[in-house]
């Protein structure tokens, strides 16, 4: 089916804030880690961890919002595209939860607590274990991060395809 809806039904303002906020959290957390790697200070790593935990809380709120907020109707498109869209979104939600959880587990299995902007601290709640810390490090930095990048790129390319090739104003729904 090639017909498209011409009207724009926007996502709720809360959904739009959560969507763009996720992007800001993700970029900020990544930038803090890159800055840490290029500096002598652990302050950037501590901020990276605090923002990572923030992403966990933010994504949890985003999922609750998604369950409670009415969604605009799907644009008219082939069923496989709708299904793929839902699959990619679900995978991104899962990864945005898994990423900070893996980072937290990597840290505590490494024998370190995590400070949340100095407001409270998550203590080491497991017996430190280097091989387990390495496992969660590989999951955090390799598998999950690579998956987030790949799925985000696919998400962006699909949105651009709809906006500029299909001209169905898909992006306008999230602005």
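The values are calculated or read from the model by the stated rules, or taken from the named source; none is laboratory data. Keep in mind it's a predicted model, so treat the numbers as computed, not measured. Here the Cβ positions follow ideal geometry from the backbone for every residue, glycine too, while neighbour counts run over all protein chains shown.
In this structure, is residue 91 at pLDDT 95 or above, closer than 19 Å to residue 174 by Cβ and surrounded by 15 or more Cβ atoms within 10 Å (Cβ to Cβ)? Yes; evaluated as a whole, the condition is true for this residue. For the stretch 11-39, a residue qualifies if it is under 14 Å from residue 58 (Cβ atoms) and under 13 Å from the mean Cα position of the chain (by Cα), and the qualifying residues are 18, 19, 20, 21, 22, 23, 24, 25, 26, 27, 28, 29. In the stretch 93-100 there is no residue that is outside any loop (DSSP other than H, G, I, E, B), touching a residue at least 12 places away in the same chain (Cβ under 8 Å) and in contact with a strand residue (DSSP E or B) (Cβ under 9 Å, 6 or more places away or on another chain). Scanning the stretch 128-175 for residues that are within 13 Å of the chain's Cα centre (by Cα) and within 23 Å of residue 33 (Cα to Cα) yields 140, 144, 145, 146, 147, 148, 149, 150, 151, 152, 153.
Contact map, the stretch 111-137: residues that are farther than 16 Å from residue 49 by Cβ paired with residues that are assigned to a loop (DSSP other than H, G, I, E, B) and at pLDDT 95 or above, Cβ distance under 6 Å, separation 6+ or inter-chain. Pairs shown: 128/111. For the stretch 62-83, a residue qualifies if it is surrounded by 13 or more Cβ atoms within 10 Å (Cβ to Cβ) and assigned to a helix (DSSP H, G or I), and the qualifying residues are 62, 63, 65, 66, 81, 82. For the stretch 103-115, the tally of residues that are surrounded by fewer than 16 Cβ atoms within 10 Å (Cβ to Cβ) and within 22 Å of the chain's Cα centre (by Cα) stands at 1. When residue 168 is tested against (1) assigned to a loop (DSSP other than H, G, I, E, B); (2) at pLDDT 95 or above, exactly one condition is not met: (2).
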